[in-house]
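The values are calculated or read from the model by the stated rules, or taken from the named source; none is laboratory data. In this text, all values refer to a predicted model and were calculated from it rather than measured experimentally. Ideal geometry is used to build each Cβ from the backbone, glycine not excepted, and the neighbour counts take in all protein chains shown. Calculation scope for accessible area: heavy atoms of the full protein, side chains included, ligands and nucleic acids excluded. Shrake-Rupley method; radii C 1.70, N 1.55, O 1.52, S 1.80 Å.
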Amino acid sequence: MFQTPDPILAAFTAQKARVAERRRNFGLAERRAVLAKLAAAIRDNEAALVAACAADLGRPEAETILIEYLTVLQDIRHARSHLWAWMRPRWVAPTLASFGSTARIEVQPRGVCLVIAPWNLPFALAMGPVISALAAGNAVMLKPSELTPATSALMARLVAETLPADLCTVIEGDKAVAERLLALPFDHIFFTGSPAVGKIVMAAAAKHLTSVTLELGGKSPVIVGEGADLERAADWITFGKFLNAGQVCIAPDHLFVHVSVKDRFLTLLRARIAKAYGSGAASPHLSQIVSEAHAARLAEVLADAVAKGAEPILNAGAKGRAMGPVLVEAITPEMRLDQEEIFGPILPILSYDDLGQVIDRINARDKPLALYVFDRDQGRIDRILGETTSGGVGINLTLVQFSHANLPFGGVNTSGIGAGHGVTGFRAFSHERAVLRNRFLMLPLIFPPYGPRVMRLIGVIKRVLG
Ligand code: NAD
């Protein structure tokens, strides 16, 4: 009897079958055309995207347009205008050992790539890597998150209507589908999600020695120093912490404020939050929590902190998936709030008077994806930059380092391996092939038999190298 073919394997096999053909035919003009088609389809689906994100995340229209729609259109525009420069072979200078040759680096597509995406920016964090993969000349399979079904279905339709499946296809599904995909020998995997699942992805990739880019998460600190413009800091921290209801990988997770400015800063912060979102849980300017389970997790994390002595100084309450901003003081290491990535609209506030202790605390924990500093004192800013590490840093701002197309975006170790965006994303999906060409007949001088001529040449090289 006939067996039903496995659709995942069939899609993968169809993409693999055209790798060599794509190497020949999927050049600059074709890639730019594919990206233009995708941009046109996205423009046609702006309202559908706003509706999908509203269904999945209770998200205000302005937020979806800013962080999903415009972000992806900018990614495409940037890739289309710089692709010729990214794709160009780069000639490199000869070295002593390769005298008589010419050398260049050619940028090749990796082949067939897998993108696994999270739910928090379900469109931008899925389509961003897909755009980089296509710009680099690959075929790509996208597995979006099962927690945002409306946006995942929209991407599946949009991609199916715009691109051939043997170039790009969306495979919807949950963890089980991701596991089946991960069993296949992809040429590169670009995963965005939690550090825990990142480890599973890396272990699966190791079975085929598939290269990986892991965009992970963690607890990103923000430091408000004694020299900060407190009003501006309150503006930026309100925006950065409560955009998408705090469900942003680079949202400030917790805040250190210098004791000398703490009271004034907290007054300004509370006023800024009230101006943005009013006083209740349900604001039309605030996204909702992605699922009942995640809303319950946040409620539990907050209850655990309060039971262990934390003091909420602002709590706008929660109703179903709607959760208002929460500010909490008196945090201790026993609390889940201090241990887990919060990924919601709760901001723990810690005060300090010795910057060295804040730096030691940051360095004692997992390397953060983002670190934010608010201060006008260059000496203190330089000290923080010099003595810590993180995926990226925002000085006197939050979040917008994500949307700078000329900056790499990625973490360090537990917050990520490798990076994406712009040319960095293009390179993540490319193989840099070394091409060395023999021009003159110099290199054969080292061939055996190793007579006096070879030894003389070795002597010359030794003298040059000191
Ligand atoms: P997640 O790790 O739970 O899920 C991400 C993806 O992995 C989903 O598509 C999911 O279906 C899939 N998945 C889940 N379990 C799997 C398994 N066992 N094997 C294979 N695939 C599996 O992450 P999430 O909850 O969707 O997103 C939140 C996390 O992502 C946070 O930690 C956040 O910081 C991080 N994040 C990082 C970035 C970044 O760019 N660095 C961006 C957004 C989110």
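Among the strands (runs of 3 or more DSSP E) confined wholly to segment 288-352, which include 1 or more residues that are of a type in the set (A, V, I, L, M, F, W, C) and open to solvent by less than 10 Å² (accessible area, probe 1.4 Å)? I'd like the intermediate steps shown before the answer.
Numbers: elements: 311-315, 326-329, 346-352.
Once the strands (runs of 3 or more DSSP E) in segment 288-352 are filtered for at least 1 residues that are of a type in the set (A, V, I, L, M, F, W, C) and open to solvent by less than 10 Å² (accessible area, probe 1.4 Å), what remains is 326-329, 346-352.
Kindly indicate which of Glu231, Glu172, Glu179 is outside the structural domain of Arg427 (by TED's automatic domain parsing) and at pLDDT 95 or above. First the steps, then the outcome.
Numbers: Glu172 fails: outside the structural domain of Arg427 (by TED's automatic domain parsing); Glu179 fails: outside the structural domain of Arg427 (by TED's automatic domain parsing).
The match here is Glu231.
Would you say Ala322 is in the same structural domain as His254 (by TED's automatic domain parsing) and without any contact (Cβ under 8 Å) to a residue 60 or more places away in the chain? Can you show your working first?
Numbers: in the same structural domain as His254 (by TED's automatic domain parsing): yes; without any contact (Cβ under 8 Å) to a residue 60 or more places away in the chain: no.
Spelling it out, it is not the case that Ala322 is in the same structural domain as His254 (by TED's automatic domain parsing) and without any contact (Cβ under 8 Å) to a residue 60 or more places away in the chain.
Can you pull out the residues in segment 1-14 that are touching a helix residue (DSSP H, G or I) at 6+ places or on another chain (Cβ under 9 Å) and modelled with pLDDT of 95 or more?
Listed by number, the residues that qualify are Ile8, Leu9, Phe12.
Under the condition of being more than 16 Å from the ligand (Cβ to nearest atom) and assigned to a loop (DSSP other than H, G, I, E, B), which residue from segment 213-260 is surrounded by the fewest Cβ atoms within 10 Å (Cβ to Cβ)?
The qualifying residue surrounded by the fewest Cβ atoms within 10 Å (Cβ to Cβ) is Asp229.
Checking the conditions here, which among Ala196, Ala176 is over 22 Å from Gln15 (Cβ atoms), part of a helix (DSSP H, G or I) and within 11 Å of the ligand (Cβ to nearest atom)?
On the way: Ala176 fails: over 22 Å from Gln15 (Cβ atoms).
Selected residue: Ala196, the only one of Ala196, Ala176 that is over 22 Å from Gln15 (Cβ atoms), part of a helix (DSSP H, G or I) and within 11 Å of the ligand (Cβ to nearest atom).
For residues in segment 199-212 being in a helix (DSSP H, G or I) and open to solvent by 10 Å² or more (accessible area, probe 1.4 Å), which is nearest to the ligand (Cβ to nearest atom)?
If we filter segment 199-212 for residues that are in a helix (DSSP H, G or I), which is where we start, we get 199-208.
Filter again for open to solvent by 10 Å² or more (accessible area, probe 1.4 Å), leaving 199-200, 202-204, 206-208.
Working: Lys199: 10, Ile200: 5, Met202: 11, Ala203: 10, Ala204: 7, Ala206: 14, Lys207: 13, His208: 15 Å.
If we take residues in segment 199-212 being in a helix (DSSP H, G or I) and open to solvent by 10 Å² or more (accessible area, probe 1.4 Å), then Ile200 is nearest to the ligand (Cβ to nearest atom).
Of all residues in segment 179-193 being assigned to a helix (DSSP H, G or I) and in contact (Cβ under 8 Å) with a residue 40 or more places away in the chain, which is nearest to the ligand (Cβ to nearest atom)?
Among those that are assigned to a helix (DSSP H, G or I) and in contact (Cβ under 8 Å) with a residue 40 or more places away in the chain, it is Leu182.
Hey, any hits in segment 364-380 for a residue that's farther than 23 Å from His78 by Cα, in a strand (DSSP E or B), within 11 Å of the ligand (Cβ to nearest atom) and at pLDDT 95 or above? Give the derivation first.
So in segment 364-380, the residues farther than 23 Å from His78 by Cα come out as 364-380.
Going one step further and asking which of them are in a strand (DSSP E or B), we end up with 370-374.
Those left that are additionally within 11 Å of the ligand (Cβ to nearest atom): 370.
This time we only want the ones that are at pLDDT 95 or above, so: 370.
Yes.
Checking the condition part of a loop (DSSP other than H, G, I, E, B) and either among the aromatic types (Phe, Trp, Tyr) or touching a helix residue (DSSP H, G or I) at 6+ places or on another chain (Cβ under 6 Å) (or both), which residue from Leu457, Leu397 passes? Break it down stepwise before answering.
Values: Leu457 fails: part of a loop (DSSP other than H, G, I, E, B).
That would be Leu397, the only listed residue that is part of a loop (DSSP other than H, G, I, E, B) and either among the aromatic types (Phe, Trp, Tyr) or touching a helix residue (DSSP H, G or I) at 6+ places or on another chain (Cβ under 6 Å) (or both).
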